[in-house]
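Q: Submitted below is the structure of interest, expressed as structure tokens.
The values are calculated or read from the model by the stated rules, or taken from the named source; none is laboratory data. On a predicted model such as this, the values are computed, not experimentally measured, just so you know. Every residue, glycine as well, gets a Cβ built from its backbone with ideal geometry; the counts of neighbours run over all protein chains shown.
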């Protein structure tokens with residue numbers, strides 16, 4: 001069927017049209033930044049909205065196209081692009097009134113745009129080289145963004161740690177890719193998958209697989225590649241922390257889905273499908289358990305949310321263990337809900353930091369009396385992360401966990417571990433709720449939250465509620481995306 005994007009001046013660049021829009025914005029925003037931070041934020045937000053509209057139109061139009069045999073636009077690419085753009089919109093709103101990024105705002109928003117462009121290229125990549133370039137584009141920009149809180153020594157320290165560990169992970173990823181290329185003679189994902197389906201297991205394959213798991217595991221902060229996350233989340237400006245927790249992690253999972261789910265498991269690589277699935281199942285179980293247990297002892301809310309993100313990564317790793325289309329649907333749905341659950345929580349943390357709150361959980365005592373709506377929103381986000389019905393986190397966890405309940409019963413133990421860990425997470429989330437609603441604060445003076453933060457918070461609240469009580473349309477989008485990715 002002929003679509004609007006199959007002809008005319010947009011035909012050649014149509015598969016990467018959303019990226020082209022952001023590239024133009026990234027080139028122009030430093031000049032806009034010469035005016036003020038608010039102009040930069042509005043400009044970035046407007047560009048993100050335009051790119052979202054174009055992406056949505058392309059998905060609605062049913063467009064599918066290939067650019068230079070390296071990037072494909074389809075329903076999967078479109079859905080992930082919308083997720084990354086939604087993250088960019090939320091972070092741009094947070095940065096509108098943020099004091100942590102008040103200097104060099106033009107460069108700050110340019111880096112945000114460039115990092116998002118890298119993530120979008122990864123979403124559409126059909127080649128290992130394209131994936132690597134997209135990852136590095138997003139990562140190098142993120143290293144600079146983490147250091148933007150120049151008056152806090154934790155920020156440059158976090159940036160250096162992020163850079164060093166990121167460089168090591170890049171080396172592992174590239175080494176693994178080079179071995180796979182040496183085996184197959186190609187870097188095209190579908191061609192590699194075809195080769196692996198008929199090849200015999202070998203030492204280069206084993207080493208290459210382990211190297212890529214280590215390299216990409218860093219991007220999603222699964223155990224034992226998680227050590228960077230708490231320090232970086234704590235040291236980075238809160239909008240950047242939000243960007244890393246809700247955007248960068250999703251990019252990492254896209255890579256896992258494309259490389260391991262599509263290229264290895266669905267290709268029945270070397271007959272090693274069961275070994276790979278069990279490896280991912282063990283990583284998932286250890287990651288969710290470690291993240292939740294360590295989060296219990298945290299007194300800094302950003303570190304607590306960091307360990308919570310590690311646990312959430314463990315939940316999404318279930319997709320790679322189960323390796324089914326339904327599991328991928330659940331993983332994509334949980335990635336969408338996580339943007340608004342975790343993003344909303346960090347928005348509140350950022351808003352309170354602007355009003356003089358520290359990042360210590362004890363500072364949240366009595367918040368329900370000082371800012372009732374903010375406290376209620378935070379409670380919704382935390383309970384949604386724990387999987388309390390009828391919120392979005394319950395709906396997405398239900399789909400994700402139920403995908404592991406197969407007739408063979410192989411992964412029932414993994415479902416049990418995931419459910420137990422969700423119960424554990426409720427303990428430390430409830431501790432924050434207790435501080436807000438039960439503990440008495442030192443003052444009852446009302447807090448005036450910046451309007452732009454309130455708007456971003458309410459957007460997240462709306463999605464957390466709507467996706468919980470009426471998830472059908474979004475699940476259908478996830479089903480279309482999963483069908484587009486998997487053969």
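Q: So, residue 42, is that one surrounded by 14 or more Cβ atoms within 10 Å (Cβ to Cβ), within 23 Å of residue 82 (Cβ to Cβ) and free of Cβ contacts under 8 Å to residues at least 40 places away in the same chain or not?
A: Values: surrounded by 14 or more Cβ atoms within 10 Å (Cβ to Cβ): yes; within 23 Å of residue 82 (Cβ to Cβ): yes; free of Cβ contacts under 8 Å to residues at least 40 places away in the same chain: no.
Taking the combined requirement at face value, the residue does not satisfy it.
Q: Identify, from the list 351, 377, 345, the residue that is in a helix (DSSP H, G or I), in contact with a helix residue (DSSP H, G or I) (Cβ under 8 Å, 6 or more places away or on another chain), under 18 Å from residue 454 (Cβ atoms) and at pLDDT below 90. Write out each step before concluding.
A: Details: 377 fails: at pLDDT below 90; 345 fails: at pLDDT below 90.
Exactly one of 351, 377, 345 is in a helix (DSSP H, G or I), in contact with a helix residue (DSSP H, G or I) (Cβ under 8 Å, 6 or more places away or on another chain), under 18 Å from residue 454 (Cβ atoms) and at pLDDT below 90, namely 351.
Q: Within the range 468-479, does at least one residue satisfy the condition of being closer than 23 Å to residue 357 by Cβ, crowded, with 18+ Cβ neighbours inside 10 Å and out of contact with any strand residue (DSSP E or B) (no Cβ under 6 Å at 6 or more places or on another chain)? Even if it seems obvious, please write down each step before you answer.
A: Start the filter on the range 468-479 by keeping residues that are closer than 23 Å to residue 357 by Cβ, which leaves none.
No: the range 468-479 contains no residue that is closer than 23 Å to residue 357 by Cβ, crowded, with 18+ Cβ neighbours inside 10 Å and out of contact with any strand residue (DSSP E or B) (no Cβ under 6 Å at 6 or more places or on another chain).
Results for (1) in contact (Cβ under 8 Å) with a residue 60 or more places away in the chain; (2) surrounded by fewer than 18 Cβ atoms within 10 Å (Cβ to Cβ); (3) part of a helix (DSSP H, G or I); (4) more than 20 Å from the chain's Cα centre (by Cα), shown as yes or no for each residue.
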residue: 442; (1), (2), (3), (4): yes, yes, no, yes
residue: 448; (1), (2), (3), (4): yes, yes, no, yes
residue: 456; (1), (2), (3), (4): yes, no, yes, no
residue: 460; (1), (2), (3), (4): yes, no, yes, no
residue: 463; (1), (2), (3), (4): yes, no, yes, no
residue: 483; (1), (2), (3), (4): yes, yes, yes, yes
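Q: Within the range 296-307, identify whether any single residue is more than 20 Å from the chain's Cα centre (by Cα), part of a helix (DSSP H, G or I) and over 19 Å from residue 233 (Cα atoms), and answer yes or no. Before the answer, list the steps.
A: Within the range 296-307, the subset more than 20 Å from the chain's Cα centre (by Cα) is 296-300.
Then keep just the ones that are part of a helix (DSSP H, G or I); that gives 296.
Now restrict to residues that are over 19 Å from residue 233 (Cα atoms): none.
No: zero hits.
Q: Being touching a strand residue (DSSP E or B) at 6+ places or on another chain (Cβ under 6 Å) and assigned to a helix (DSSP H, G or I) is the filter here; which residues of the range 104-129 pass it?
A: 124
Q: Can you tell me which condition residue 133 does not meet? The list is (1) at pLDDT below 90; (2) touching a helix residue (DSSP H, G or I) at 6+ places or on another chain (Cβ under 8 Å), and all the others hold.
A: Unmet condition: (1).
Q: Hey, any hits in the range 216-229 for a residue that's farther than 19 Å from residue 397 by Cα, modelled with pLDDT of 80 or more, in contact with a strand residue (DSSP E or B) (Cβ under 8 Å, 6 or more places away or on another chain) and surrounded by fewer than 24 Cβ atoms within 10 Å (Cβ to Cβ)?
A: For the range 216-229, residues farther than 19 Å from residue 397 by Cα, modelled with pLDDT of 80 or more, in contact with a strand residue (DSSP E or B) (Cβ under 8 Å, 6 or more places away or on another chain) and surrounded by fewer than 24 Cβ atoms within 10 Å (Cβ to Cβ): absent.
Q: Let me ask something else. Checking the structure you have, find out if any residue of the range 60-78 is within 24 Å of residue 344 (Cα to Cα) and touching a helix residue (DSSP H, G or I) at 6+ places or on another chain (Cβ under 8 Å).
A: Kept after step one, since they are within 24 Å of residue 344 (Cα to Cα), are these residues of the range 60-78: 78.
Going one step further and asking which of them are touching a helix residue (DSSP H, G or I) at 6+ places or on another chain (Cβ under 8 Å), we end up with 78.
Checked against the condition, which is being within 24 Å of residue 344 (Cα to Cα) and touching a helix residue (DSSP H, G or I) at 6+ places or on another chain (Cβ under 8 Å), the range 60-78 yields at least one hit.
Q: Kindly provide the set of residues from the range 184-194 that are crowded, with 17+ Cβ neighbours inside 10 Å and part of a helix (DSSP H, G or I), ordered by number.
A: 184, 189, 192, 193
Here is a yes/no grid of residues against (1) surrounded by 24 or more Cβ atoms within 10 Å (Cβ to Cβ); (2) within 30 Å of residue 479 (Cβ to Cβ); (3) touching a residue at least 12 places away in the same chain (Cβ under 8 Å):
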{"position": "309", "(1), (2), (3)": "yes, yes, yes"}
{"position": "316", "(1), (2), (3)": "yes, yes, yes"}
{"position": "330", "(1), (2), (3)": "yes, yes, yes"}
{"position": "333", "(1), (2), (3)": "yes, yes, yes"}
{"position": "344", "(1), (2), (3)": "yes, yes, yes"}
{"position": "348", "(1), (2), (3)": "yes, no, yes"}
{"position": "358", "(1), (2), (3)": "no, no, no"}
{"position": "372", "(1), (2), (3)": "no, no, no"}
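Q: From 389, 407, which residue is surrounded by fewer than 21 Cβ atoms within 10 Å (Cβ to Cβ), modelled with pLDDT under 90, within 17 Å of residue 467 (Cα to Cα) and more than 18 Å from the chain's Cα centre (by Cα)?
A: Numbers: 407 fails: within 17 Å of residue 467 (Cα to Cα).
None of the other options fit; the residue is 389.
Q: Among (1) at pLDDT below 90; (2) assigned to a helix (DSSP H, G or I); (3) crowded, with 24+ Cβ neighbours inside 10 Å, there is one condition residue 287 misses while meeting the rest; what is its number?
A: The number of the failed condition is (1).
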